[in-house]
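Everything on this sheet refers to the single structure shown next.
The values are calculated or read from the model by the stated rules, or taken from the named source; none is laboratory data. The model shown is predicted, which means the values in this text are computed figures rather than measured ones. Here Cβ is always computed from backbone atoms with ideal geometry, including for glycine, and neighbour counts include all displayed protein chains.
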Amino acid sequence: MAEIRLEQLAHSYHGNPSKPADYALRHMEHVWEQGGAYALLGPSGCGKSTLLNIISGLLVPSEGRVLYDGKSVNDLSPQQRNIAQVFQFPVVYDTMTVFENLAFPLRNQGHDRDRIDHRVREVAEALEIEPLLSRKAQNLTADEKQKVSMGRGLVRDDVAAILFDEPLTVIDPQLKWRLRRKLKEIHQRFNVTMVYVTHDQLEASTFADKIAVMYQGQIVQFGTPRELFENPQHTFVGYFIGSPGMNLLDITLGSSGVELEGRVLPVEESIVAQLRRGGEGRLQLGIRPEFVQLVASEASTLHGQVDLVQDQGTFKIVDVRLDTPSAAVIKARLGEEQLVPEGRVGLTFPAAWQRFYRDDRLVEIMP
Amino acid sequence: MKPYNNKAWWLVLPVFVLVAFSAIIPMMTVVNYSVQDIFDPSTRYFVGTEWYREILTDPRLLDSLMRQFVYSFCVLAIEVPLGIIVALSMPRRGLGVPFSLILLSLPLLVPWNVVGTIWQIIGREDIGLYGWTLNSLGLDYNYASNPRDAWATVLVMDVWHWTSLVALLCYSGLRSIPDVYYQAARIDRASSWAVFRYIQLPKLKNVLLIAVMLRFMDSFMIYTEPFVLTGGGPGTATTFLSQTLTQMALGQFDLGRAAAFSLIYFLIILLVTWVFYTAMTHNDNKG
C-alpha cells in the first residue's frame, strides 16, 4: 500500500526527443493517494498504457521520477516494486490449474500454504470463479481467463497498488458491469490503491472516485466525474466526457461584447471584461448539450434550423444548424417529455453553464 | 430434385493419381515382394509370411534395430535440450538476429555426404582438428577402430548437423510469445526458471512436437553420414537399420526379405511417431 507520486515525469520512445510531439508522455506532476480508486481515461494512443507501465516498472521513464511513499523506485524492477498489474488481454499460465494460477504470485513470494489457500479462495469467491479452481487454465473461455488474470492481480494484499489496463475489453457487456461492481467492492474491502485505465467514460465513472483525463501525453484534468462534467478544464475534457460532448464555438471579442461570427451573444459585462484582460489566443465558448435551450426564434440573437433529431429512448439529441456563414451544428439534449420544435429556432445558453476557453484551457471567471 | 451428383470426384482424381504413383503403387509393390521369394518376374515363389518370421528372429537385424533405437534416443536427448538452450540464448533484436540465423542455417545447407566427408577429415588423428586435439590431450581416439569413438563421432556429427533445426524451430516459437506474458510474469515476480517452465516451454510445445518428430524420423532413417564416415564399422558398431536394409536389397539382392523388412521399418516409424504425437497432445483436450 502506498501513495504513488509522479515527479516531472516524461517519456519518449525516441532516442533524442526534441519537440513535444516526440514525447509519449509530456512532463507531468501527479499524485495517486493511498487507497483511492482512480481511472485513467483517454482516447487510444494518448499514453495511458505507457504511464501505467512506467508506474509498474515495465518501462523506465526517460525523464523524471516515480515515488512510492516518497521513495524513488526508478531503479527498481517490477518484481522489487511489489505491484500488481492486469493487462488488456488475458494472460494465464496454460499448464497450471486456475488455483495454481491464482497462487502463483503468492508462491513466488514464499507465503505458506494455509495463507495461500485462504487468499486464493477469498479472491476466487469475490470473482465468482470458485467452481473453476481445479480446471486447467488453458481450456477456459476468454472472460474466465480474464477473471483469472484479474485474480492474480488481486490475490496479493501487500501490493503498493493494482493497475488495470483496460481489463474488461474482452468481456461481454452484461458481465462487464458486474465485474466493475466486483472490483469496486474488492476495492472497498481491501483498501488498496487501484488505477484503472480505460477509454470508456461510463466505465471510468462507475469504477472511480476520481478520474484523470489524458490527452496527447498529458493529464489535462483530474477530478470527480461531476467536476469533469460541470467544469471541464480543457476543451478535450468537454468534448470527451458527456454524451454527446460539449458544444464548442469559436468566438471573438468585438466592440459590443462576445460575438459568434458577427452575432452578439448575451454575455455579462463583467465576464467580457475578464475575457478582454486575458490577452491573445483562440477563444471558444463551451456549452453542454444538456444546457442548450431551444426557444422561439424571436427570443434569441442566435438562430438555426433543426437538422436532425435522434431519439435515444430516455432523451433526444437535436442537431441545430446555425444560420451563420460556417453553418456550425449545435447539439441540444432534450428530455423525453420535452417537445422538439421544428424549423427555425432560437438558441440560448444559460449564463451559469457557459464556459470560456482560451487556447483550449478554461478561463477562470471571477464572480 | 436432389442437388447431388458425383462430378466432384473428377476434381479429386488428379491428386489421387499423383498419390497413387508416388505412394500407393510403390508401397503395394513392396507388399507384393514381401510375400514372395523373387529375383525377376519369371523367377518367383510365393512364401507367405516366412520373410516376416525370419526377420523378427534374425539376431543381426534385431541388433541393428536396438542400435537404431539407442541412436535415435541419444539424438533426441541431446539435440532437443541443446536446441532449446541455443534458441533461448539467441538475440531477440538487432544485428545479431540475422547473423545468428545465418550461422545456424549453414549446417542445414550442407549435403549429407559432404557432412560425412567433413567429419571423416575432422576426426582423423593426423590432420583432423577434432581427432588431433583429442589425441594431443592424451585420449586414445580413433573412430575407425574403436566402436565407442565411432559412435561418439556419428553422434557429434548429427548434433552438429541438425541441432540448428531444433534451435530455429524453437526460436520461431519463442518469438511468437507475446511480450505481455513476460510482463505478467515480471509483475507476478516469477523467477527466470518459472518463466521458462510455465510460459516458454508450454508455448513451445507445438514446435517441439514438430522438432521431435522430424528429428526422430530423420535419425531413425539415417544412412549417408555414417555410411560415408565409418561404413557401418568398426565391425557392425555403427551399422544402422537403413544400411542393413541396403545391404540386403542391393548387396545380396534379397528383394523379398528386404521388402518385408522395409514394411516393418515403416511401421515402426509410424508407430513411434504416433506415440510421440499422442503423448504430447493428449493433455490438450482435458478439462
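Descriptive notes on the structure:
- In segment A:104-154, residue farthest from A:Lys176 (Cα to Cα) [restricted to those that are among the small types (Gly, Ala, Ser) and in contact (Cβ under 8 Å) with a residue 12 or more places away in the chain]: A:Ser134
- Criterion (away from chain A (no Cβ under 11 Å), part of a loop (DSSP other than H, G, I, E, B), free of Cβ contacts under 8 Å to residues at least 60 places away in the same chain and out of contact with any Pro (no Cβ under 6 Å at 6 or more places or on another chain)) met by exactly one of B:Asp149, B:Asp140: B:Asp140
- Among the residues making up segment B:119-148, those that are under 18 Å from B:Thr224 (Cα atoms) and crowded, with 18+ Cβ neighbours inside 10 Å are B:Trp119, B:Gln120, B:Ile122, B:Gly123, B:Tyr143.
- Residues of segment A:205-228 that turn out to be part of a strand (DSSP E or B) and free of Cβ contacts under 8 Å to residues at least 24 places away in the same chain, as a count: 3
- Set side by side, the residues A:Asp75, A:Asp94, A:Asp69 differ, and just one is acidic (Asp, Glu) and facing chain B (nearest Cβ under 9 Å), which is A:Asp94.
- Residues considered: A:Arg263, A:Arg277, A:Arg282, A:Arg288. Of these, the only one that is buried (at least 19 other Cβ atoms within 10 Å of the Cβ) and either among the acidic types (Asp, Glu) or not assigned by TED's automatic domain parsing to the domain that holds A:Glu29 (or both) is A:Arg288.
- Test result for A:Leu202, part of a helix (DSSP H, G or I) and either at negative phi or touching a Pro at 6+ places or on another chain (Cβ under 6 Å) (or both): yes
- Residues of segment B:184-233 that are within 14 Å of another protein chain (Cβ to nearest Cβ), buried (at least 19 other Cβ atoms within 10 Å of the Cβ) and of a type in the set (S, T, N, Q): B:Gln200 alone.
Matching residues to (1) in a helix (DSSP H, G or I); (2) charged (D, E, K, R); (3) in contact (Cβ under 8 Å) with a residue 40 or more places away in the chain:
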{"site": "B:Thr57", "(1), (2), (3)": "no, no, no"}
{"site": "B:Arg67", "(1), (2), (3)": "yes, yes, yes"}
{"site": "B:Val70", "(1), (2), (3)": "yes, no, no"}
{"site": "B:Ala77", "(1), (2), (3)": "yes, no, no"}
{"site": "B:Gly94", "(1), (2), (3)": "no, no, no"}
{"site": "B:Leu108", "(1), (2), (3)": "yes, no, yes"}
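- Criterion violated by B:Thr281 - all others in (1) of a type in the set (Val, Ile, Thr); (2) surrounded by 20 or more Cβ atoms within 10 Å (Cβ to Cβ); (3) within 14 Å of another protein chain (Cβ to nearest Cβ) satisfied: (2)
- Members of segment A:123-179 that are more than 10 Å from chain B (Cβ to nearest Cβ) and polar (S, T, N, Q): A:Thr141, A:Gln146, A:Thr169, A:Gln174
- Scanning segment A:140-188 for residues that are part of a loop (DSSP other than H, G, I, E, B) and polar (S, T, N, Q) returns A:Thr141, A:Thr169.
- Taking segment A:155-197 as the range and being free of Cβ contacts under 8 Å to residues at least 60 places away in the same chain, of a type outside the set (Lys, Arg) and over 19 Å from A:Glu122 (Cβ atoms) as the test, the residues that pass are A:Leu168, A:Ile171, A:Asp172, A:Pro173, A:Gln174, A:Leu175, A:Trp177.
- Given (1) touching a residue at least 40 places away in the same chain (Cβ under 8 Å); (2) within 20 Å of A:Val86 (Cα to Cα); (3) not β-branched (Val, Ile, Thr), number of the condition A:Asn231 does not satisfy: (2)
- Within segment A:34-53, the residues that satisfy the criterion of being within 14 Å of another protein chain (Cβ to nearest Cβ) and either on the phi > 0 side of the Ramachandran plot or at pLDDT 90 or above (or both) are A:Thr50, A:Leu52, A:Asn53.
- Hits in segment A:329-366 (condition: part of a loop (DSSP other than H, G, I, E, B) and in contact (Cβ under 8 Å) with a residue 24 or more places away in the chain): A:Val340, A:Pro341, A:Glu342, A:Gly343, A:Phe349, A:Pro350, A:Gln354, A:Asp359, A:Asp360, A:Val363, A:Ile365, A:Met366
- Residue list for segment A:7-27, restricted to those being touching a helix residue (DSSP H, G or I) at 6+ places or on another chain (Cβ under 8 Å) and either part of a strand (DSSP E or B) or outside the structural domain of A:Leu67 (by TED's automatic domain parsing) (or both): A:Leu9, A:His11, A:Ser12, A:Ala24, A:Leu25, A:Arg26
- Considering residues of segment B:159-183 that are over 13 Å from the mean Cα position of the chain (by Cα) and closer than 27 Å to B:Phe266 by Cα only, the residue nearest to the other protein chains (Cβ to nearest Cβ): B:Leu169
- No other residue among A:Met194, A:Met214, A:Met150 is in contact with a Cys (Cβ under 7 Å, 6 or more places away or on another chain), buried (at least 21 other Cβ atoms within 10 Å of the Cβ), closer than 24 Å to A:Ile55 by Cα and not β-branched (Val, Ile, Thr) apart from A:Met214.
- Helices (runs of 4 or more DSSP H) lying entirely in segment A:64-132 (those with 1 or more residues that are of a type outside the set (Phe, Trp, Tyr) and modelled with pLDDT of 90 or more): A:98-108, A:113-126
- Scanning segment A:289-309 for residues that are closer than 18 Å to A:Tyr239 by Cβ and in contact with a Lys or Arg (Cβ under 8 Å, 6 or more places away or on another chain) yields A:Pro289, A:Glu290, A:Val292.
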